[in-house]
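The values are calculated or read from the model by the stated rules, or taken from the named source; none is laboratory data. Everything numeric in this text was worked out from a predicted model, so none of it was measured. We place every Cβ from the backbone using ideal geometry, glycine too, and count neighbours over all the protein chains shown. These area figures cover heavy atoms from the full protein model, side chains too; ligands, DNA and RNA do not enter into them. Shrake-Rupley method; radii C 1.70, N 1.55, O 1.52, S 1.80 Å.
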Amino acid sequence: VTAVIRNGMLSQSCNRMRRYGMKHGKKIVLLCFSLGLAVGTILCNFCFSDYCSQSGIVSDYFLSMVSDNPPDGTDLFFYIMGTRYKEVLLVGLLAVTVFGGPAVCVVTVKWGMNLSFILSAAVMRFGMKGLLLAAAFLLPHYILYVPAYIRLYLETVNCSSALFYHKEAGRTKEVCLRYYMNFLLCVVLIFCGIWLEAYVNPVFLRKLLVWF
């Protein structure tokens, strides 16, 4: 009976920790993303406006390459996979350390800054019509990336918090198992997003570039 009561208390404690971690994890992710978005917008519009308006997806080199000489889908697929999975694996490894939360903060700020650069550069170069170019650059792969990365980052914050700030729960194995099950799901979703980014997104871009 004592063992059953103890297990029940540990289970309730673990569930409370999970709700606490997810609640505060959402705030952390949203705050860091907003910070990156604000910083990136300020830098792009007030500090490097000339550079931003002629770089990245709005540069003449990029636009001509996509429309006239699109990259090989297989090469692009493996390049994107290497780039995406480096960050994903790093976050996955740090999730079971005290650095899981800080790692999520850094990469979330980076995502916010990247999005702000894309939007700001497109608008500065093409006006409001540039938002269509930015949308084409982000679709359809971000339909999978967004939920996958949000889930990954929230679970990372939750896992790190549970292991290093609520050690009394005594559920290290269960916390890690649940985290890496969610991690694998996110990896699969991101893999599908990579395929879309490599093989479908260039088609979207080429069709839209006739208007630019």
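Scanning the stretch 70-106 for residues that are over 16 Å from the mean Cα position of the chain (by Cα), open to solvent by less than 50 Å² (accessible area, probe 1.4 Å) and of a type in the set (Ser, Thr, Tyr) yields a count of 1.
What do you reckon, is Tyr51 modelled with pLDDT under 85, under 19 Å from Leu119 (Cβ atoms) and open to solvent by 60 Å² or more (accessible area, probe 1.4 Å)? Judged against the criteria, Tyr51 is a match. Within the stretch 107-137, the set of residues being surrounded by fewer than 18 Cβ atoms within 10 Å (Cβ to Cβ), touching a residue at least 40 places away in the same chain (Cβ under 8 Å) and out of contact with any Gly (no Cβ under 8 Å at 6 or more places or on another chain) comprises Phe126, Lys129, Leu132. Pairs meeting the criteria (first residue in the stretch 199-211 and over 15 Å from Asp68 (Cβ atoms) and hydrophobic (A, V, I, L, M, F, W, C), second residue crowded, with 17+ Cβ neighbours inside 10 Å and at pLDDT 85 or above, beta carbons under 7 Å, at least 6 apart or on different chains) are Phe204/Ala136.
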